[in-house]
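The values are calculated or read from the model by the stated rules, or taken from the named source; none is laboratory data. Note that the structure is predicted; figures quoted are calculated from it, not measured. Here the Cβ positions follow ideal geometry from the backbone for every residue, glycine too, while neighbour counts run over all protein chains shown.
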Amino acid sequence: MDYNFKQTEKKWQEIWDREGTFVAGTDYSKPKFYALVEFPYPSGQGLHVGHPRSYTALDIVSRKKRLQGFNVLYPMGWDAFGLPTENFAIKNHIHPSVVTEKNVARFKEQLKSLGFSFDWTKEINTTDPEYYRWTQWIFLQLFREGLAYKKEMAVNWCPSCKCVLANEEAAGGVCERCGSEVVRKVKSQWMLKITDYAEKLLNGLEDVNFIERVKTQQRNWIGRSTGAQVKFQTTAGDVLEVYTTRPDTLFGATYMVMAPEHALIEKWADRLTNLEAIRAYQTAASKKSDFERTEVVKEKTGVRLEGVLAVNPVTGKEIPIFISDYVLASYGTGAIMAVPAHDERDYDFAKVFGLPIIEVVKGGDVTREAFVDCATGIMTNSGFLDGLSVEEAKKKITEWLSEKGIGEKKVNYKLRDWVFSRQRYWGEPIPIVHCPKCGAVPLPESELPLVLPEVDSYEPTETGESPLAKMTDWVNTTCPVCGAPAQRETDTMPQWAGSSWYFLRYIDPKNSDALASREAMEYWLPVDWYNGGMEHTTLHLLYSRFWHKFLYDIDAVTSPEPYAKRTSHGMILGENGEKMSKSRGNVVNPDDIVNEYGADTMRLYEMFIGDFEKAAPWNSASIKGCKRFLDRVWALMDTVTEGAVRGCVESAVHKTIRKVTEDIEGLKMNTAIAALMALLNEISATASVTKEELKIFITLLNPFAPHMTEEMWVLLGFEGQLNQTAWPVYDEKKCVDATVEIAIQICGKVRAKMNISPEAPQDEVLSAAKANEAIAAHLAGKSIVKEIYVKGKLVNIVAK
RNA sequence: GCCGUUGUGGCGGAACUGGCAGACGCAAGGGACUUAAAAUCCCUCGGCAGCAAUGCUGUACGGGUUCGAUUCCCGUCAACGGCACCA
């Protein structure tokens, strides 16, 4: 009897749906397991074969955990706000919500066809007002606590999307979405003070089980550095403050540099004798995008501030001040002390302007290049620091500065505040009213959700304002505080907003009083295992940790970190090894694979394709191997006999239970499947299978191929559903074979093999080895220097 | 430039904590069944030499430690990912 995957898969998917098989339980006395995968953006293209890689892996983990007695929550939803939908709506004059609804339906059908054990009763959609009501609520809390503020600032502006982009979305100077060149534009923007949480976000990494490269990337992104903030007196009377990580080199500071935007320049305007040249430089710098400004290759430029000098606080010498775009206004104090002898950039600049280069750490040759990597060097030309190590000098000078009141220890971060405004339609409206008298006033929580109004056109205005600005009926309102005529904020939130807390809503998606009930959060939080792409490490993952930590601080959630464990999957590439894309013509549609081979084969193949964390090219031919395997498992039913596990396969069965159990936990699905294939080969070699053996086999296989194994369960005459039974348990003692084949080496080279009991004493094994014919021949005429026996593995005889 | 990851057959990939390299699968070749094909089943499958037993060689490259190294150490090269004038 051949296996009809189409009929069987449909049958079980309907049963699971109808019976609510995978609905998370409400019995909070049971141990819980919360598995999470990144919810998709329901694009018009439909599901990508990359989605199921992650979803299948945690589906396997979830199914196994259920069999092991855990109360499992494995939810799914839609991250549905976003530009592609809006752009599609603009082009085709269809409301984004209609487009979203259609795309969601398609995605849902595709996900169901793959047999994932999602709890669909927890389904959420970020564009649902009942959902974004709480996204807005979180914003109001951030506003109340002073973590949301509006700021005039130069922002990354995409001229094509007519939209402000976060630094993260403008990487490399191009728009992440459309690829256009990003320019700078000054706009008033809502900002979130993620920098206030830099230290907490960094420290929190110590307590979570994230794969190391995720932690490293987050640490680099936060970019903590320690140094000193130092005050330099100037001849203008004002203090020019700088941040440095190398206070030890203070004696070598021969000039200073300020960012072109530095506020003191305006203050000093009267004194500056070359103001015109300075203005010209400022203008030129302001026109450049962040990307142009940070191009490393170019030669250093700048203008000296004629008329004002600074005083080096340790040498007492007057030193010149420059402005240059190699100093960033947004980091530290926006000004630096330049130590050309020990900093490459300062060195380059000093060379261009012919400035003195004074060596203060011995060991390099500062006439040729900057001596930067000088941690082991000894101080010189540095007065009271001379002869100290760099480390000692840092400590001493910092103490000295602090005693004199001209400097103090300081920590800085590369992390910037989060630009939270978008001038688009398809996002959460920001619940703020601008009152001429009261300023920015938060909407009362009782008025949430602030629903997106219907508009005629979704296109942003030419001035870059949100399409909502054109909706005067909606925009014009009254101030919630004083009742005077006021206007609504027309910017919307970025797509990251809805995804920053969605895992909280899954816990209790219908709750109308809170994000989720306290009781449910106490039980389910934190997420036990979160899998997603590496591309979200510094954006989504950091943002959501920030929101969660904030919510924890205001006592709105019950755990300090949202995710206990984070793993990451590699991309699935096209057959040619390149990234899958329409333009490359190498896209594989999951629907086609499910149609031709079935969901179980598709799931199995995606797990067998290779190391889960690494990128893997798709290979149509290899899928057949997985199909063959399933067909052979199905065919076992032809030779099944009543009975327990036979002695001839007992250790193989127990070893496989151990291997599959451990490998699923370690996300090594490829070797778990290989172990099942190997066990099948071993059982097949005996030309029959007992019912108990097959029962264990299909239980182990169930998380991978749930449809076929459920069907076999019924056909074998077992009661109920396989997914509601118990995961097999192995016996460590039964994992041991009576005899094992060991290698006998002479000087590290295998010369013979023999079978022994793994429990045989060393003496016995060694003499048996030496008695071996081939070994004896090799040893003839030589004297034995050393004999090594590795239990159950090998014997090595060293002879001369 | 800095940080991180990786380098194993024709291909995807295995190998615990230093212990028989190439598990498992794909592709390929040979055979069985078939009028034929598909499917299925059996055999071979890193390289060189040999009918074979077997020997030598082999985990990017060059060294080192060790009885023994894909694994540890030093150096070199290459690829991928992240950051990139962050003082």
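Conditions tested, residue by residue: (1) charged (D, E, K, R); (2) closer than 30 Å to A:LEU328 by Cβ.
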{"site": "A:LYS404", "(1), (2)": "yes, yes"}
{"site": "A:VAL419", "(1), (2)": "no, yes"}
{"site": "A:LEU450", "(1), (2)": "no, no"}
{"site": "A:THR461", "(1), (2)": "no, no"}
Exercise. Scanning region A:760-775 for residues that are modelled with pLDDT of 85 or more and among the acidic types (Asp, Glu), which turns out farthest from A:VAL798 (Cα to Cα)?
Worked result: A:GLU764
For this session: Could you please find all residues in region A:303-331 being small (Gly, Ala, Ser) and buried (at least 21 other Cβ atoms within 10 Å of the Cβ)?
Result: A:ALA310, A:SER324
Problem set entry | helices (runs of 4 or more DSSP H) fully within region A:267-373 counting 3 or more residues that are charged (D, E, K, R), closer than 24 Å to A:LYS231 by Cα and out of contact with any Gly (no Cβ under 7 Å at 6 or more places or on another chain) | A:344-353
Seminar exercise, completed: (1) free of Cβ contacts under 8 Å to residues at least 40 places away in the same chain; (2) within 12 Å of RNA strand B (Cβ to nearest atom); (3) surrounded by fewer than 20 Cβ atoms within 10 Å (Cβ to Cβ) all hold for A:TYR605 apart from (3)
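Please find, within region A:211-253, the residue that is nearest to A:TYR543 (Cα to Cα) out of those that are in a helix (DSSP H, G or I) and among the hydroxyl-bearing types (Ser, Thr, Tyr).
Ranking the qualifying residues of region A:211-253, first place goes to A:THR216.
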Problem set entry | Subset of region A:183-234 (residues that are aliphatic (A, V, I, L, M), in contact with a Gly (Cβ under 7 Å, 6 or more places away or on another chain) and closer than 16 Å to A:LYS414 by Cα) | A:ALA228
Exercise. Which residues, counting only those in region A:200-217, are out of contact with any Phe, Trp or Tyr (no Cβ under 8 Å at 6 or more places or on another chain) and either within 15 Å of RNA strand B (Cβ to nearest atom) or closer than 24 Å to A:VAL155 by Cβ (or both)?
Worked result: A:LEU202, A:LEU205, A:ILE211, A:GLU212, A:ARG213, A:VAL214, A:LYS215, A:THR216, A:GLN217
Exercise. In region A:413-434, how many residues are assigned to a strand (DSSP E or B) and at pLDDT below 95?
Worked result: 3
For this session: Search region A:539-567 for residues being of a type in the set (Ser, Thr, Tyr) and more than 29 Å from A:ILE664 (Cβ to Cβ), and hand back the single one that is surrounded by the most Cβ atoms within 10 Å (Cβ to Cβ).
Result: A:TYR543
Exercise. What do you reckon, is A:ASP346 of a type in the set (Asp, Glu) and either within 30 Å of A:ALA148 (Cα to Cα) or without any contact (Cβ under 8 Å) to a residue 24 or more places away in the chain (or both)?
Worked result: no
Exercise. Which numbered condition trips up A:HIS262, out of (1) in a helix (DSSP H, G or I); (2) at pLDDT 85 or above?
Worked result: (1)
For this session: Could you tell me whether region A:521-541 includes any residue that is under 30 Å from A:PHE5 (Cα atoms), more than 16 Å from RNA strand B (Cβ to nearest atom) and either without any contact (Cβ under 8 Å) to a residue 60 or more places away in the chain or within 19 Å of the chain's Cα centre (by Cα) (or both)?
Result: yes
Exercise. Here are A:THR249, A:THR195, A:THR226, A:THR283: which of them is within 16 Å of RNA strand B (Cβ to nearest atom) and surrounded by fewer than 14 Cβ atoms within 10 Å (Cβ to Cβ)?
Worked result: A:THR226
Problem set entry | Selected residue [touching an Asp or Glu at 6+ places or on another chain (Cβ under 7 Å), modelled with pLDDT of 95 or more and crowded, with 23+ Cβ neighbours inside 10 Å] from A:ALA516, A:ALA520 | A:ALA516
Problem set entry | Residue within region A:722-740 that is part of a strand (DSSP E or B) and either more than 8 Å from RNA strand B (Cβ to nearest atom) or out of contact with any helix residue (DSSP H, G or I) (no Cβ under 7 Å at 6 or more places or on another chain) (or both) present | yes
Problem set entry | Qualifying position, being away from RNA strand B (no atom under 14 Å from the Cβ), touching a residue at least 24 places away in the same chain (Cβ under 8 Å) and either under 17 Å from A:ALA678 (Cα atoms) or among the small types (Gly, Ala, Ser) (or both), among A:GLY585, A:GLY647, A:GLY643 | A:GLY643
Exercise. Any idea which of (1) surrounded by fewer than 19 Cβ atoms within 10 Å (Cβ to Cβ); (2) in contact with a strand residue (DSSP E or B) (Cβ under 9 Å, 6 or more places away or on another chain); (3) not β-branched (Val, Ile, Thr) is the one A:ALA57 doesn't satisfy?
Worked result: (1)
Exercise. Could you say which residue among A:LYS624, A:LYS659, A:LYS655, A:LYS614 is within 7 Å of RNA strand B (Cβ to nearest atom), assigned to a helix (DSSP H, G or I) and either more than 23 Å from the chain's Cα centre (by Cα) or surrounded by fewer than 20 Cβ atoms within 10 Å (Cβ to Cβ) (or both)?
Worked result: A:LYS624
Seminar exercise, completed: Flagged in region A:742-800 as assigned to a loop (DSSP other than H, G, I, E, B) and within 10 Å of RNA strand B (Cβ to nearest atom), in numbering order, are A:CYS747, A:GLY748, A:LYS791, A:GLY792, A:LYS793
Exercise. Do we have any residue at all in region A:93-107 that's among the aliphatic types (A, V, I, L, M), surrounded by fewer than 22 Cβ atoms within 10 Å (Cβ to Cβ), touching a strand residue (DSSP E or B) at 6+ places or on another chain (Cβ under 6 Å) and under 24 Å from A:TRP16 (Cα atoms)?
Worked result: yes
Exercise. Conditions: (1) within 15 Å of RNA strand B (Cβ to nearest atom); (2) farther than 22 Å from A:LEU240 by Cα. A:ASP386 meets all but one. Number of the miss?
Worked result: (1)
Exercise. Taking region A:511-557, which residues are over 19 Å from A:GLU428 (Cβ atoms) and assigned to a loop (DSSP other than H, G, I, E, B)?
Worked result: A:ASP513, A:SER517, A:LEU525, A:PRO526, A:ASP528, A:GLY533, A:THR537, A:THR538, A:ILE554, A:ASP555, A:VAL557
Exercise. Quick check, is A:PRO429 in contact (Cβ under 8 Å) with a residue 60 or more places away in the chain and in contact with a Lys or Arg (Cβ under 6 Å, 6 or more places away or on another chain)?
Worked result: no
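Here is a yes/no grid of residues against (1) surrounded by 12 or more Cβ atoms within 10 Å (Cβ to Cβ); (2) without any contact (Cβ under 8 Å) to a residue 40 or more places away in the chain; (3) farther than 25 Å from A:MET602 by Cβ:
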{"site": "A:ASP731", "(1), (2), (3)": "yes, no, yes"}
{"site": "A:VAL740", "(1), (2), (3)": "yes, no, yes"}
{"site": "A:LYS749", "(1), (2), (3)": "no, yes, yes"}
{"site": "A:MET754", "(1), (2), (3)": "yes, yes, yes"}
Seminar exercise, completed: Filtering region A:473-510 down to residues that are part of a loop (DSSP other than H, G, I, E, B), modelled with pLDDT of 95 or more and among the hydroxyl-bearing types (Ser, Thr, Tyr) yields A:SER500
Seminar exercise, completed: Per the filter on region A:315-337, residues among the aliphatic types (A, V, I, L, M) and more than 8 Å from RNA strand B (Cβ to nearest atom) are A:ILE319, A:ILE321, A:ILE323
